[in-house]
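The values are calculated or read from the model by the stated rules, or taken from the named source; none is laboratory data. Note that this is a predicted model, so its numbers are computed, not measured. FYI the Cβ positions are ideal-geometry reconstructions off the backbone, even for glycines, and counts take in every protein chain you see. Accessible surface areas use protein heavy atoms only, side chains included; no ligands, DNA or RNA. Shrake-Rupley method; radii C 1.70, N 1.55, O 1.52, S 1.80 Å.
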Amino acid sequence: MLRLTILTCFLLIVASSAAVNPNWYKNAVVYQIYPRSFKDSNGDGIGDLNGITSKLEHVADIGADAFWLSPIYKSPQVDFGYDISNFTDIEPTYGTLADFDRLVAKAKSLGLKVIMDFVPNHSSHEHPWFKKSIQRIKPYDEFYVWRNAKIINGTRHPPNNWLSNFQGSAWQWNDVRKQYYLHQFAAGQPDLNYRNPTLRQEMTKVLTFWMNRGVSGFRIDAINHMYEDIHFRDEPSANRTDIPKTDYDSLVHIYTKDQNETYEVLKSWRKLMDDHSARTKTDPKMILTEAYASHDLTVKYYNSGSTVPFNFMFITDLHNSSNAMDFKRLIDRWMKAVPNGKVANWVVGNHDNHRVASRFGRSRADEISMIAMTLPGIAVIYNGDEIGMEDRNFTYAETVDPAGCNSGPARYQLRSRDPERTPYQWDNTTSAGFSTNRKTWLPVHSNYKTLNLKRQKGEYYNHYQIFKILRSMKRRPVIERGTSKVEVYGNRILCITRSLGNDTVIVMTNPSNRPAAVNISSRELPPVLIVYAANVDSTLRPGTLVVTNSLFVPEYSSILFTSLNIYWSDHNV
Ligand code: GLC
């Protein structure tokens with residue numbers, strides 16, 4: 001018996017230490033799941049945890065290494081989960097902690113890592129901390145950012161000109177405490193005060209709670225909003241005449257964003273997570289940081305321990321009319337900025353921005369994924385983009401996103417994030433197979449009868465099939481560790497070349513309406529390549545041989561070429 005116990009202990013130690021993979025994330029695909037819209041298991045029209053668990057085979061099937069769950073915590077849903085009233089419990093509409101444990105267990109059995117959304121900047125106004133803060137109960141009295149009113153000519157005004165991301169003053173008067181509280185997002189999302197050490201301690205407990213439940217990292221929400229100027233100075237005007245004065249973009253946010261202290265707090269969280277991994281002999285935790293900030297301030301998060309300081313270049317800097325030079329300049333800039341030992345990342349889409357197929361146009365739906373999956377590092381994919389889902393147009397009356405509602409009927413389309421959050425299109429049955437309920441929290445896109453996963457699985461060539469090809473290509477050593485070069489031909493053709501030994505992989509994009517024939521031949525390249533994948537609208541088809549001294553790239557095309565050895569080895573020729 002004793003021998004058996006010793007043997008078991010030995011096996012457990014070997015199994016756990018042998019299992020640690022310090023590099024697991026370096027070439028990873030991270031898939032973002034927006035829980036409200038992924039899969040509804042109980043017919044209430046709202047996605048939930050059991051729904052997600054029932055669809056994890058899909059996440060594994062498309063080759064994700066990890067999935068990030070947008071917030072599933074208890075929340076009044078003012079900002080659809082980004083307003084949290086209990087950081088260590090599950091929103092009842094989504095399920096229970098037991099459901100969460102089952103989700104984690106199933107993910108593990110499929111080899112998938114679970115990443116939680118961590119929302120440090122604010123809680124919900126329904127959080128017990130906030131209720132106690134209103135009452136000035138210690139230590140909660142200092143957990144939020146409270147300021148006295150400014151009295152001008154006997155009338156009460158907010159303490160300064162700071163604006164909310166969701167329109168209007170960032171200050172809300174509280175009649176019980178007789179002070180204003182700061183909310184950089186909705187009024188139901190009071191900002192937490194990171195200058196308070198007890199609050200900071202509480203938040204580390206939250207991280208530990210979820211790590212103990214088996215999560216492999218955190219996507220840190222709105223991280224660059226955590227600290228504010230200690231003098232609460234007015235922010236300068238952005239001198240915009242095209243937007244109302246109540247719009248967030250009318251000010252330059254030098255006192256509410258990107259403060260130095262943020263980077264220090266992140267370092268302490270990195271250490272907390274590293275210690276946890278060392279103690280539990282588990283893989284390093286992934287930290288993804290969300291900061292819509294300048295390039296320099298974004299890449300600075302690497303040095304504070306972020307694994308993935310979200311690279312939003314495909315969202316914020318590039319658009320349908322960007323030219324090949326714009327792509328090259330930005331890709332090179334990012335590659336150059338990645339510190340030694342860290343890896344690049346490429347975000348294709350998320351729940352806050354129009355879908356990639358709508359931003360770049362339907363014909364270019366596959367292009368950005370092709371680039372993101374071919375460049376070195378981590379690709380971050382928003383659920384639905386792997387099948388080319390598109391934005392749905394919303395009327396103002398249908399709009400539920402606070403960013404849209406608060407902008408009013410004339411401007412809601414500029415701000416609303418509802419269009420990219422519609423339910424996942426699984427098949428052509430009721431509510432696209434998302435729910436048995438005909439009425440879903442956001443309407444299903446009307447194109448679901450033809451644009452859905454089931455259909456794409458049964459067809460020969462489409463977004464889903466291309467995505468799967470890209471994923472398997474990404475696993476090859478040439479993508480994992482080959483050299484990379486970004487070039488532009490004739491001003492309009494972008495060419496990304498990855499090479500390792502005899503293996504060559506090239507992505508070429510031609511977004512224009514004219515075909516091109518370019519000479520990319522060089523001593524390093526084989527004279528003949530083969531089309532491995534092409535965007536759905538391209539006239540070139542996989543299996544076509546091409547010569548590098550006159551490489552044909554049709555109009556509206558993005559093509560993945562490889563050396564023949566890669567194609568043959570994958571097609572058993
Ligand atoms: C982040 C989230 C967004 C949310 C905001 C406030 O930007 O991605 O959805 O509204 O933070 O938490």
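Residues checked against (1) open to solvent by less than 50 Å² (accessible area, probe 1.4 Å); (2) among the hydroxyl-bearing types (S, T, Y); (3) closer than 22 Å to Y82 by Cβ; (4) in contact with a Leu (Cβ under 6 Å, 6 or more places away or on another chain):
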| position | (1), (2), (3), (4) |
| --- | --- |
| F232 | yes, no, no, no |
| T241 | no, yes, no, no |
| D249 | no, no, yes, no |
| V265 | yes, no, yes, no |
| T280 | no, yes, no, no |
### Task
Go through the stretch 548-561 and give me each residue that's surrounded by 15 or more Cβ atoms within 10 Å (Cβ to Cβ) and free of Cβ contacts under 8 Å to residues at least 60 places away in the same chain.
T548, L551, F552, P554, E555, S557, I559, F561
### Task
Those residues that are over 17 Å from R200 (Cα atoms), assigned to a loop (DSSP other than H, G, I, E, B) and not small (G, A, S), I need them from the stretch 118-152; list them, please.
H125, E126, Q135, R136, I137, N148
### Query
Residues of the stretch 403-428 being in a helix (DSSP H, G or I) and either open to solvent by 10 Å² or more (accessible area, probe 1.4 Å) or on the phi > 0 side of the Ramachandran plot (or both), which ones?
C405, G408, P409, A410, R411, Y412, Q413, L414, R415, P419
### Message
Would you confirm, using the coordinates I've provided, whether V348 is in contact with a Leu (Cβ under 8 Å, 6 or more places away or on another chain) and within 16 Å of the ligand (Cβ to nearest atom)?
### Response
no
### Message
Condition first: more than 17 Å from L288 (Cβ to Cβ) and surrounded by 21 or more Cβ atoms within 10 Å (Cβ to Cβ). Can you find one or more residues in the stretch 343-352 that meet it?
### Response
no
### Task
Tell me which residues, restricted to the stretch 73-111, are more than 25 Å from K131 (Cβ to Cβ) and in contact with a strand residue (DSSP E or B) (Cβ under 6 Å, 6 or more places away or on another chain).
F100, V104, A107
### Query
Got a sec? Which of Y140, Y181 is within 28 Å of G404 (Cα to Cα) and either more than 15 Å from the ligand (Cβ to nearest atom) or open to solvent by less than 20 Å² (accessible area, probe 1.4 Å) (or both)?
Y181
#### Entry: Check on R471, closer than 20 Å to V348 by Cβ, part of a strand (DSSP E or B) and among the basic types (K, R)
no
### Query
Residue check: is G63 touching a strand residue (DSSP E or B) at 6+ places or on another chain (Cβ under 8 Å), open to solvent by less than 40 Å² (accessible area, probe 1.4 Å) and modelled with pLDDT of 95 or more?
yes
### Query
Name the residues in the stretch 517-534 that are farther than 20 Å from N491 by Cβ and open to solvent by less than 20 Å² (accessible area, probe 1.4 Å), would you?
L529, I530, V531, Y532, A533, A534
#### Entry: Hey, I466 among the β-branched types (V, I, T), in contact (Cβ under 8 Å) with a residue 60 or more places away in the chain and assigned to a helix (DSSP H, G or I) or not
yes
### Query
Which residues, taken from the stretch 391-420, are closer than 21 Å to G188 by Cα and either within 14 Å of the ligand (Cβ to nearest atom) or at pLDDT below 95 (or both)?
V400, D401, P402, A403, G404, C405, N406, S407, R415, S416, R417, D418
### Query
When both residues are 6+ apart or on different chains and their Cβ atoms are under 6 Å apart, which pairs have a first residue that lies in the stretch 77-103 and is open to solvent by 40 Å² or more (accessible area, probe 1.4 Å), and a second that is within 16 Å of the ligand (Cβ to nearest atom) and not in a loop (DSSP other than H, G, I, E, B)?
N86/K74; D89/K74
### Query
So which residues in the stretch 302-354 are over 16 Å from the mean Cα position of the chain (by Cα), closer than 23 Å to M389 by Cβ and of a type in the set (G, A, S), if there are any at all?
S321, S322
### Message
Among the listed residues F232, F218, F166, identify the single one that is within 20 Å of L272 (Cβ to Cβ) and either in contact (Cβ under 8 Å) with a residue 60 or more places away in the chain or away from the ligand (no atom under 15 Å from the Cβ) (or both).
### Response
F218
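The rows are residues; the columns are (1) within 16 Å of the ligand (Cβ to nearest atom); (2) within 25 Å of I378 (Cβ to Cβ); (3) acidic (D, E); (4) not in a strand (DSSP E or B).
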site	(1), (2), (3), (4)
D89	no, no, yes, no
F100	no, yes, no, yes
L103	no, yes, no, yes
A107	no, yes, no, yes
M116	yes, yes, no, no
### Residue in the stretch 336-354 that is part of a helix (DSSP H, G or I) and farther than 30 Å from P244 by Cα present
yes
### Task
Out of the residues in the stretch 1-57 that are among the small types (G, A, S) and in a helix (DSSP H, G or I), state the one that is modelled with the lowest pLDDT.
A15
